[in-house]
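*Asks:* Please see the structure below; I have some questions.
The values are calculated or read from the model by the stated rules, or taken from the named source; none is laboratory data. Computed from a prediction, not measured in an experiment: that's the story for all the values here. Note that we place each Cβ from the backbone using ideal geometry, even for glycine, and neighbour counts take in every protein chain shown. Ligands, DNA and RNA are excluded from the accessible area calculation, which covers all protein heavy atoms including side chains. Shrake-Rupley method; radii C 1.70, N 1.55, O 1.52, S 1.80 Å.
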Amino acid sequence: MTTVTRSDQTTVMNNPVKVKSNSESHVASEDFKTIGDITHPDPAMIMRGVNVFYGEKQAIFNVDLDLGQNEVLAMIGPSGCGKSTFLRCLNRMNDTIEACRVTGELSLEGENIYDKKMDVVNLRARVGMVFQKPNPFPKSIYENIAYGPKIHGLASRRAELDEIVETSLRKAGLWEEVKDRLDQPATGMSGGQQQRLCIARTIAVSPDVILMDEPCSALDPIATARVEELIAELSANYSIAIVTHSMQQAARVSNRTAYFHLGNLIEVGETNDIFTKPSHKLTEDYITGRFG
Ligand SMILES: Nc1ncnc2c1ncn2[C@@H]1O[C@H](COP(=O)(O)OP(=O)(O)OP(=O)(O)O)[C@@H](O)[C@H]1O
């Protein structure tokens, strides 16, 4: 049973998961009990008791967390702590890894996303994803944006498609830069432009949620600043979960921050609180640079 106590803002796991790995048994210990309010008053996604396994090895332990409507939630933690693994549960991207198994309850707008009847292609449009390296299709700028709406049947006429392309590029802050060269290859754009194109491509299929896995790690500081500004603008219309190695970035862009350690969610709270008065020693050690 998992108990969420909002008064003292502590999540108590009464059932630590015991899993045999190749050489040892791992028990999610009391030290890894989540501190902070894992709930959001207006959630877009609700995750409860999430465990992830790669074969015998457990990578995520009993994580409970909400992603709020129009919030930017940052996920931070040392390399290998499971941030990306957890993020990929949110649109079932882990399904593409054969050895990977996810248990727990994960819902989007009240719908169980792991339900057998869930259309995963549709889910990944509703919960879009932007990756570390910009990955435009080897097609024109226009076609990169138009592709998703076409396969999802969101536009029946060319004029509707044009409208979606323009709106998506505008929302991604790219329209003025590319409007005169929509027919040119997307691969000819700068890295920062390509990443904003990938964000526009995600927006084009009208998602509820956008997942970002270190979206600025391949970008220079100016392109990073553009994407960070964009994240702030997008949060007016979308719920955003972002994995980042940069604590400065988490502090700049997010409303709440979740700190992961060895596959456990250690602490979650208002970003300002996490960075100025963390409650858990592990969070404090990480944000003060003692490890990670
Ligand atoms: N495809 C995979 N197969 C087996 N193990 C994996 C796979 N992907 C990740 N892992 C393991 O799961 C754990 C969590 O990895 P994950 O990539 O989610 O961490 P992370 O916090 O995102 O790390 P980083 O910050 O380095 O990207 C690690 O021990 C990693 O080795």
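*Asks:* At a 10 angstrom cut-off on C-beta neighbours, averaged per residue, how do the peptides 181-189, 66-74, 155-163, 263-271 rank from highest to lowest?
*Replies:* Highest mean packing first, the order is 263-271, 66-74, 181-189, 155-163.
*Asks:* Let me ask something else about it. Can you give the accessible area of HIS261 in Å² (nearest 10), computed on protein heavy atoms with a 1.4 Å probe?
*Replies:* HIS261 exposes around 30 Å² with every protein chain in place.
*Asks:* To the nearest Å, what is the center-to-center distance of the stretch 127-176 and the stretch 197-251, using C-alpha atoms only?
*Replies:* With the stretch 127-176 and the stretch 197-251 each reduced to a Cα centre, they are spaced 16 Å.
*Asks:* In the stretch 96-130, which trypsin sites (Lys or Arg not before Pro) are in a loop and have at most 15 other Cβ atoms within 10 Å, using DSSP for the loop call?
*Replies:* Passing both the DSSP loop test and the Cβ count: LYS116, LYS117.
*Asks:* Given the stretch 198-292, what percent of its DSSP beta bridges are antiparallel, to the nearest 5?
*Replies:* 55
*Asks:* Treating the stretch 35-140 as a set of equal point scatterers at the Cα positions, no solvent, please give the Debye-formula log₁₀ I(q)/I(0) at q = 0.23 Å⁻¹.
*Replies:* -1.50
*Asks:* Additional query: Please enumerate, by chain and number, the lysines with C-alpha under 28 Å from the C-alpha of LYS277, excluding those fewer than 8 residues away in the same chain.
*Replies:* Filter leaves LYS33, LYS83.
*Asks:* Then there is this: Taking Cα atoms of the stretch 129-198, Rg/Rh with Kirkwood Rh, to two decimals?
*Replies:* Using only Cα positions, Rg/Rh for the stretch 129-198 is 0.94.
*Asks:* Continuing with the same structure: Please provide three numbers in whole Å: the alpha-carbon extents of the chain along the principal axes, with the largest listed first.
*Replies:* That works out to 58, 42, 38 Å along the principal axes.
*Asks:* How many percent of the accessible area of the stretch 37-105 is carbon or sulfur, using a 1.4 Å probe?
*Replies:* Carbon-and-sulfur percentage of accessible area, whole number: 46.
*Asks:* Something else: With both bridge residues required to lie in the stretch 2-287, what share of the DSSP beta bridges run antiparallel, to the nearest 5%?
*Replies:* Taking every DSSP beta bridge within the stretch 2-287, about 65 percent pair in antiparallel fashion.
*Asks:* Please report the accessible area of CYS216 (heavy atoms, 1.4 Å probe, ligands and nucleic acids excluded) in Å², nearest 10.
*Replies:* So the heavy atoms of CYS216 present about 10 Å² to solvent.
*Asks:* What accessible area per residue, rounded to a whole number of Å², is obtained for the chain using a probe radius of 1.4 Å?
*Replies:* On a per-residue basis, the chain sits at 46 Å².
*Asks:* Still on this structure: Run the dipole for the chain about the Cα centre, Lys and Arg Cβ at +1, Asp and Glu Cβ at -1, nothing else charged, and hand back the magnitude in debye, nearest 20.
*Replies:* Value, rounded to 20: 620 debye.
*Asks:* Leaving out ligands, DNA and RNA, what percent of the accessible area of the stretch 135-292 is carbon and sulfur, probe 1.4 Å?
*Replies:* Looking at the stretch 135-292 in its full context, I get 49 percent from C and S.
*Asks:* Further, regarding this structure: What is the angle, in °, between the Cα long axis of helix 191-203 and the longest principal axis of the Cα atoms in the chain? Nearest 10 is fine, range 0 to 90.
*Replies:* 80
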